[in-house]
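Chemist: Sharing a structure here in structure tokens format.
The values are calculated or read from the model by the stated rules, or taken from the named source; none is laboratory data. No experiment lies behind these values; they were computed from the predicted model shown. Positions of Cβ are backbone-derived with ideal geometry, glycine not excepted, and every protein chain shown enters the neighbour counts. Accessible surface is based on the protein model in full, side chains and every heavy atom, while ligands, DNA and RNA are left aside. Shrake-Rupley method; radii C 1.70, N 1.55, O 1.52, S 1.80 Å.
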Amino acid sequence: MENNNNSIVQTKSELLFLYESIYNIPNGDPFTGEQRYDEETKKILVSDVRIKRYIRDYLFERKYPIYVVSNKESIDLDGEGSEAARRFKKLQQTFKNLTEPEKILLQCIDVRLFGGIVTIKKAKGKKKAEPSSDEEDAAAFNLTGPVQFALLNPSLNEVELRIHQNTSVFSSSEEKKQGAIGTTTVVPYAINQIHGWINSYSAKYTNLSDTDVNIMFKALWESINNVNTRTKANQNSLLLLQIIYSEPNKKLYGLDRLIKINTKINDEVEKKGEQLRSLEDFKFDFSGLFSIANNDIVQEIRYYTESSKIKKSLIQRQKKEKSKFKELKLSEINFDGEAKK
């Protein structure tokens, strides 16, 4: 889908996205397969790559052109060079009317959001740029993404990982007659907080539009709720916040430390972070968030939630303090309408 929307993002903002994970592995380490974990703080970690993968895969399924794909059929398997170069060649075949690498890459919404890089042959009178792995004959073409997430995002609560054993009917080798047994660790319950940024200066170079951002919000929310793999099922999106600055050079420090969890409910014995198992075991404390809501450098705070408990908590305090909160209308964003060419 070509981005014909002229409403390029003009404002700088920060994002906080909360979702819960229940007896699964929110983000396994690629080398060990075990959940990423901070032994010092006892908090689990979710990487920016994992979050971008959710968004890319969800939009790819809805026929959006995506540059960084996990679907190998979208890569020119017979071509030469890196997968990025062969993916670029596939895009060239799709967008035959375009010759400039920048314009081809920018047809992909993930490049407009997260940036992209491709190595192409230096132009020597050729009509089209060609992917290349020859360093002497190549030039790297790089676009920095205006949307970035923290490299690692710690959960709001402490987590005690639990050992889980799997059995399989398949044996691990030809010589063995019985099925294999595997051991891994699972996360009983975690409230994951993802911290992100949208930079209006970088948005100018990738033509990132307000429409793109809204589509990303919807993809993020729905992909978490609908992911259907064994290790990622049983997740729920809880709250999305976009804190918009009044000026692009302003900065609030420690936004990722504004939301707390209160584990003492109705004067009952306070639970530890690792004892939490559902939303019924704690309350969100939004005091920090409301403390910055009426700061002069904050233009507006947008929120979206499908949790009546969270929504009630936000609205009650918003009315009381007359803060600059505004509800996002993700339900009004139409994937199909935006994706059709």
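Chemist: Mind scanning Lys43/Lys326; Lys250/Lys329; Lys218/Lys250; Lys204/Lys326; Lys63/Lys312; Lys43/Lys72 and naming the pairs with a C-alpha gap bigger than 29 Å?
Modeler: Lys43/Lys326; Lys63/Lys312; Lys43/Lys72
Chemist: Putting +1 on Lys and Arg Cβ atoms and -1 on Asp and Glu Cβ atoms, find which of Leu255, Ser223, Tyr201 reaches farthest to the positive end of the dipole of the chain.
Modeler: Tyr201
Chemist: Moving to a separate point now. Check Gln35: other-chain or 5+ apart residues with amide H under 5 Å from its amide H, H built from backbone geometry?
Modeler: Close amide H contacts, sequence-distant or interchain: Asp29, Thr185.
Chemist: How many nm is it between the label spots at Glu83 and Asn294, if each spot is 7 Å from the Cα in line with the beta carbon?
Modeler: Roughly 5.1 nm, to one decimal.
Chemist: Quick one: putting +1 on the C-beta of Lys and Arg, -1 on the C-beta of Asp and Glu, what dipole do you get for the stretch 209-341 around its Cα centre, in Debye to the nearest 20?
Modeler: Dipole magnitude for the stretch 209-341 comes out near 160 debye.
Chemist: How much accessible area per residue does the chain have, in Å², with a 1.4 Å probe?
Modeler: 54
Chemist: Nothing charged except the Cβ atoms of Lys and Arg (+1) and of Asp and Glu (-1): what's the magnitude of the dipole of the chain about its Cα centre? Round to the nearest 20 debye.
Modeler: For the chain, the charge dipole is close to 900 debye.
Chemist: Compare the peptides 212-221, 45-54, 109-118, 309-318 by average per-residue count of other Cβ atoms within 10 angstrom and give them in order, highest first.
Modeler: 109-118, 212-221, 45-54, 309-318
Chemist: Multiply the residue separation of Glu100 and Lys311 by 0.36 nm, subtract the distance between their alpha-carbon atoms, and state the gained length in nm to one decimal.
Modeler: 71.3 nm
Chemist: Still on this structure, I have one more. What is the Cα coordinate range of the stretch 1-117 on the first, second and third principal axes, sorted by size from largest, in whole angstrom?
Modeler: If we take the Cα atoms of the stretch 1-117, the spans are 53, 40, 23 Å.
Chemist: For mean projected area of the Cα convex hull in nm², which listed value, (i) 22.3; (ii) 19.2; (iii) 16.5, comes from the coordinates shown?
Modeler: Only one listed value fits the structure, namely (i).
Chemist: Can I ask one more? When ranked by the protection proxy of mean other Cβ atoms within 10 Å per residue, highest first, what sequence do the peptides 67-74, 282-289 form?
Modeler: Going by the mean number of other Cβ atoms within 10 Å, highest first, we get 282-289, 67-74.
Chemist: Something else: When the convex hull of the Cα atoms of the stretch 22-66 is projected onto a plane and the area is averaged over all directions, what value comes out in nm²?
Modeler: 4.2
Chemist: Take every DSSP beta bridge whose two residues both sit in the stretch 239-341, then give the antiparallel share in percent to the nearest 5.
Modeler: Approximately 75 percent, going by the DSSP bridge assignments.
Chemist: May I ask you to derive the relative contact order of the stretch 288-334, considering only C-alpha pairs under 8 Å and at least 6 residues apart, and to give it as an integer percent?
Modeler: Value for the stretch 288-334: 47 percent.
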